[in-house]
Amino acid sequence: KRIISFYIGILSGNFREAQSHLQALHELASAPSNVEVKGLKREVLACESILAYASGDLSQCFEKAMECFDTPSEDDFKSRGSSITHMRLALWCAVIQDDDSKVKRISQALKSKSFTSVTLHHRTIIHSMHALIAAHEGRFIEAKNELAVPLESDGQKHKGFFASFGGYLAEFMIVSESGDHQKGLTLLQAALDQAIGAKNFPMVATLLGRMSYQQVLLGNTEEALLCINQSREMITENDLSE
């Protein structure tokens, strides 16, 4: 119940509520006599990683995600949704920070046996992660192939806080490499509208930053400055991590 309530808080943009449920999970995890909390430490780390991302603390998000991945577990945690979710956010953080070493660590984790037995939706997420990694590393044909894998059964991309923003970024990188900056702006705007609606503030800042650069390449200086100012105002208004 606490874990579900945590995700409801994140998905509704109520991060303080999510924090309160995370604190309750901490208290449960500190009760070793309770057999029902076996393996809860990994769940707590995953939730800590997700909340750190939501608050804009990208470094903390990545470190908690990797700590969770490296923590031994006797249960089936690695087959659950959390094991995919927080690792995807950690990858977004690594790409946003343009940190090649962090991207490589996520890539190595994806190649481990932890991510071989997953659901159809999880496989879709993993393909989008591989696409983002390949695009970040300049392997655009490989990234395009990963994005072309038709895995979503209903043909619809998931929306909200955990939407496929990594897929949008990978697609944008491919288009940007081709020099079609106007199409790149269109892709970024579509992702930005979703990110704003979902209160995914780190992604909003990222998309606005990339939009600003595209505007500069198109010679639109005023529009570029507006994107930067919009990002700064959002960070201040929502009291995000520096």
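The values are calculated or read from the model by the stated rules, or taken from the named source; none is laboratory data. Since the model is a prediction, treat every value here as computed from it, not as a measurement. Note that each Cβ is placed from the backbone with ideal geometry, even for glycine, and that neighbours are counted across all protein chains shown. Ligands, DNA and RNA are stripped out before the accessible areas are found, and what is left, the full protein with its side chains, is counted by its heavy atoms. Shrake-Rupley method; radii C 1.70, N 1.55, O 1.52, S 1.80 Å.
Measuring with a 1.4 Å probe in the full set of protein chains, what accessible area per residue, in whole Å², belongs to the chain?
Values: 12330 Å² over 242 residues.
Result: 51 Å² per residue.
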For Rg and Dmax of the Cα atoms in Å, with candidates (1) 22.1, 79; (2) 17.5, 52; (3) 18.2, 64, the value calculated from the shown model is option (3)
Nearest-ten-degree value, helix 221-237 long axis tilted from longest Cα axis of the chain:
20 degrees
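Just how large is the dipole of segment 141-234 about the Cα centre, in debye to the nearest 20, putting +1 at every Lys and Arg Cβ and -1 at every Asp and Glu Cβ?
Values: 7 positive and 11 negative charges, 44 e Å.
It comes to approximately 220 debye.
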With r defined as the distance between the Cβ atoms of ILE4 and SER30 and R0 fixed at 25 Å, what FRET efficiency is calculated, to the nearest 0.05?
0.80
Label model pair SER241, ASN220: point-to-point distance (7 angstrom along the Cα→beta-carbon line) in nm is 3.2 nm
If exposed means trypsin sites (Lys or Arg not before Pro) lying in a DSSP loop and surrounded by at most 13 other beta carbons within 10 Å, then the longest stretch of the chain lacking such sites spans residues 160-242
What is the distance, in nm, between label points placed 7 Å from the Cα along the Cα-to-Cβ direction at ALA190 and at GLU177?
1.9 nm
